[in-house]
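Just below is one structure, and these are the notes that go with it.
The values are calculated or read from the model by the stated rules, or taken from the named source; none is laboratory data. Worth saying up front: this structure is predicted, and the values here are computed from it rather than measured. In this analysis, Cβ positions are derived from the backbone assuming ideal geometry, glycine residues included, and neighbour counts consider all displayed protein chains. For accessibility, only protein heavy atoms count, side chains too; no ligands or nucleic acids. Shrake-Rupley method; radii C 1.70, N 1.55, O 1.52, S 1.80 Å.
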Amino acid sequence: MTTALFLLIALQSPVAETVRMEEALSDWKLEYGASWQVKMSEETAFAEMLYGGTAHSTFAPQTDPEWFQLARARMAEASAMLGVDVDTLVEDRALFLPLGWIGTTDKYAVAMDQFLDGVQVEGACANLLFNAEGGLLSIQTDCAVGELEASPFRFDAEAAARRTLALFREETGLVGEIIEAPRRAWWRLPEGGVRPAWIP
């Protein structure tokens, strides 16, 4: 029992997370080339950026749905490094970047926002950069990481508005005014996961 508990703690330690990250990056390099690098998040045990190489694609997407399909596949492949659940990502835009006219090559930028139970994770987005043939050049993400669980919102919109005004008056001594109704969102936690929040 003691040995099993020790192993469980060890597997959850920062050292174990680092080992998993190194293994995942090593596997990625074996598949797509040794020049790939990661930039680690300052808050979590995962990478916030994967860059430095080209992960060639077996096909060149021609439509937005095909670009999103390829982006999802790459996010799933890199999930051990990025810590992002691909099922929480919702397509935002696929943008053609005509960079050939300035002496480089054309690119595609694909962006996906993060949602949980139909509510957006505030400021959470995954951005992928591809060459025109579908080769992945980089992934940047500020999405919530780890296993995300929805929890109840303690306030409704009216209660959230009243609380916002009360806090504003308490901190400034002024009487505020709600211009737009607060909206529900999930707030990213540094250790992973999310908590309910109202955004005024």
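General remarks:
- Breaking point among (1) part of a helix (DSSP H, G or I); (2) open to solvent by less than 40 Å² (accessible area, probe 1.4 Å), for Thr44: (1)
- Looking only at region 168-193, and only at residues there that are in a strand (DSSP E or B) and modelled with pLDDT under 90, the one that is surrounded by the most Cβ atoms within 10 Å (Cβ to Cβ): Arg184
- Any hit, region 114-132, residues being farther than 19 Å from Trp187 by Cβ, part of a strand (DSSP E or B), within 14 Å of the chain's Cα centre (by Cα) and of a type in the set (A, V, I, L, M, F, W, C): yes
- Some residue of region 105-126 being polar (S, T, N, Q), surrounded by fewer than 16 Cβ atoms within 10 Å (Cβ to Cβ), in contact with a strand residue (DSSP E or B) (Cβ under 8 Å, 6 or more places away or on another chain) and in contact (Cβ under 8 Å) with a residue 24 or more places away in the chain: yes
- Considering the conditions (1) open to solvent by 50 Å² or more (accessible area, probe 1.4 Å); (2) under 25 Å from Gly192 (Cβ atoms), Met75 is excluded by exactly one of them, (1).
- In region 19-41, of all residues being assigned to a helix (DSSP H, G or I) and under 17 Å from Gly146 (Cα atoms), the one that is most open to solvent (accessible area, probe 1.4 Å) corresponds to Arg20.
- Count of region 67-109 residues which are more than 12 Å from Phe130 (Cβ to Cβ) and of a type in the set (Lys, Arg): 2
- Taking region 47-73 as the range and being within 21 Å of Gly123 (Cα to Cα) and in a helix (DSSP H, G or I) as the test, the residues that pass are Phe68, Ala71, Arg72.
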